[in-house]
Structures are given as structure tokens and as C-alpha cells.
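This report refers to the structure that appears directly beneath it.
The values are calculated or read from the model by the stated rules, or taken from the named source; none is laboratory data. All figures in this text were calculated on a predicted structure; none of them were measured in a lab. Note: ideal-geometry Cβ built from the backbone for every residue, glycine included; neighbour counts use all protein chains shown.
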Amino acid sequence: MTINIGETIKSMRKDKNITQETLANFLGVSNQSISKWERNETYPDITMLPAIASFFGTSVDNLLGINKIEQEQKIQYYCNEYSRLWSEHKSDDVTALMKQAVCEFPGNFDLLVKYLNCLTNAQLNANRLLEVRDEAQNIYDLIQEQCTTDSIRIWAKKLMCRYLSRLSVIDTSGVDITHAEKVLSGMPLMQNSRDIEAMYIYHNDAEKRKQACANGVSELLRLLGETLFRTYEEPTDYDEKVLESFIDLLKAVMPDEDYGKSFNHIIYNYGYLGVKRYLNGDEESAIRCFEEEVRLAKAFDSLPDISVSTSPVVNGAIFEKTKTNLGTSKMQSRIKHILTNRYPLSEEFREKPAFKKLINSIEC
């Protein structure tokens, strides 16, 4: 990490209303030397550091910014551990870690919003959601009132909106959906989002414009998939034509099967389509759908942490697997559990050789 001693000297000098000439006379150097230090063109000789620190009434460590560097390293440690524990679904561990982080660095809004995420999402128990209400509200208010970073403020709004919507279905919470809607009203419209706006700004850079459009399309398809998940409650509720259309759309846009943010959607949609085919009496077609579901789950698990799409419309779109809600867990494990426990399939069907062969092929 860069040590900006010149900026520190300049800041301390101005705080004490001391001229460059006064400091130069004290140290026995020229005014030009002080000026070059403060512009970070040159640095003081190491033997002069104690005298400079003494002049300003501080320590050499503070002069060099050692404490600041240590703080930045500790903050980065917390951020890295947050990402790791969150991806491993260790809710209690990550919540405890971020509580410690915000106690140590109460003014760091990046840590605060991560802790808010832990409080409002990691704990699924209704009682726990109620217990953290005051703490979550205080953190949210602090971010909205004092944080000047738009991305953090908007993330906090998103977290609070979803948190309040979850509280609204708890009879004893005293919260109804209008509380969430009030927060929602202060969030940007979809057309004002980064992914959409990025498509319009690169007039003279074709490569950046192409990547922005690829990322934008990828995100729009993800949102379409999320819409389907929110529309239906159970696999049996899905409209077969809608499932087929969505799968066909993804296959047409991404023929290289680089589904990225939509990978889990096409996997689950094949499963739901299999359920519909099974309920309609077409067991052979159901098996084929489940086979596709498992095949794509294996493809997802084999992806590197970061991959780049090659299909024409989304060429260049970047997908970071570790940032999905799966984290580092295996998609195959989840699909095996769903196939054997969640889908409304008869025991007779599950005992069929083709189905048992499929289940045995899953690597967990």
C-alpha cells in the first residue's frame, strides 16, 4: 500500500497554520524540498522523520500513516471474511464477525451495510427477525442520513425494503406492506440502474459498449427469471407454456449454454417442466427434463469462479459464481435434494430404473 507522507505533512502543516518556510527553517532544508515532499515528487530522508514528527507533536508511525494502513488492512480482512462466510452460508458466524467489525469501525459504511445484510437476511426465524428490528432500523437510518456513497445507500434501501416485507407477514410485528412501499418509493427506477445506463454512455468505445450491453441483457434475463419464481408458489402451479417459452428464450440468446446469472433459472425451470410433464402422464418426457436439470447442474458446478460469456448477444458478460445465492455449495446437491424430497413424484416413479440411474449419477 502506498504511504503518502507528503500529503500527511501538508495536512498537518495546514492544520497548524504553519508555512512551508517555517517548516523548512526548522528542518534546515529548502522551501523547494518541502514543496516536493508535499507533491509526492520526493520523500524526506529517513533520518529526518523523528524531527518532522517532533515538530508536529506526533509519532513517526502516524507520520507514515502506519495506523491508517493497519486499519485499512483490518477492514479488508473483515470484507474478505464476510464474502467467504456468506458464500458458505455460515449465517451465525458471518453475523458475529460483522458485529465485531462495526464495533471496531463504527463509521465505516461498507461494513455497516454488510452487517445490515446479515441482520435482515441471514436469520430466517421470525422471532430473530423481530429481535433485530431496532438495530437494523438504527443502522439503516445512520446510512441514509450520513453516508454519501449512493451504491451503499441504495443497497441499504433494498435490504430494508425486503426486511420490512418479511416483517409485514408476522402478525406481532406492527409492520404492514406500506412500510416497505415507502422505502421502495425512494429507490431508482429500473431504467435508471447502472446496468441499463452503461449501455448508453460509450459512444467512442465499441468494446466497452458491447460489454455493457452484454451485462445489461444478462441482468434483464436474470430479472425475468426472478419474476417467474415470484409469480408461482409451487412447481405444480407453473404454466407449462411459460416454462417452455422461458427455456427456449434462454437457449436462443445463449446457445453456448453460458447462462451466467440465469443458470439457476434454466436448471429449475427444467425441473418444474419435468414435474408438469409427470403430472400430465408423460413420464418419459419428465425424465428427459430431469436429466437436463442434472446435466446443467453439473455444468454449473464445473464453472470457474469467474467466467465470460461467448454467445453473440451476451458476448463478454462476466459471471461471478461465488456471488450467487449458492455461494460455494454445489448445485448438484441441491438438485438431488429437490428431486428426491421436494417434487411431488410418487415412490413408484422414484423407483424406476431411469430415475434411480439419474439420481446415482449426481456427484455430491
Test for G65: is it surrounded by fewer than 13 Cβ atoms within 10 Å (Cβ to Cβ) and either free of Cβ contacts under 8 Å to residues at least 60 places away in the same chain or not hydroxyl-bearing (S, T, Y) (or both): no
Qualifying helices (runs of 4 or more DSSP H) (wholly inside region 1-109; at least 2 residues being in contact with a helix residue (DSSP H, G or I) (Cβ under 7 Å, 6 or more places away or on another chain), modelled with pLDDT of 85 or more and not charged (D, E, K, R)): 5-15, 20-27, 31-38, 49-56, 66-87, 91-104
Out of F229, F246, sole residue that is hydrophobic (A, V, I, L, M, F, W, C), surrounded by 15 or more Cβ atoms within 10 Å (Cβ to Cβ) and out of contact with any strand residue (DSSP E or B) (no Cβ under 6 Å at 6 or more places or on another chain): F246
When residues of region 292-318 are limited to those that are assigned to a strand (DSSP E or B) and among the hydrophobic types (A, V, I, L, M, F, W, C), the one nearest to I335 (Cα to Cα): I306
Matching residues in region 137-158 - criterion: being buried (at least 16 other Cβ atoms within 10 Å of the Cβ), farther than 16 Å from S185 by Cβ and within 20 Å of the chain's Cα centre (by Cα): I139, I143, C147, I152, W155
Candidate set from region 47-59 (those that are under 43 Å from the mean Cα position of the chain (by Cα) and of a type in the set (A, V, I, L, M)); member that is farthest from I18 (Cα to Cα): L49
Filter result (within 21 Å of M98 (Cα to Cα), of a type in the set (S, T, N, Q) and out of contact with any Phe, Trp or Tyr (no Cβ under 7 Å at 6 or more places or on another chain)) within region 149-180: S151
Search result, residues across region 110-153 that are part of a helix (DSSP H, G or I), without any contact (Cβ under 8 Å) to a residue 12 or more places away in the chain and closer than 20 Å to E72 by Cβ: S151
Test result for H203, at pLDDT below 90 and either surrounded by fewer than 21 Cβ atoms within 10 Å (Cβ to Cβ) or assigned to a helix (DSSP H, G or I) (or both): yes
Enumeration of residues in region 283-326 that are in contact with a Ser or Thr (Cβ under 7 Å, 6 or more places away or on another chain) and of a type in the set (F, W, Y): F319
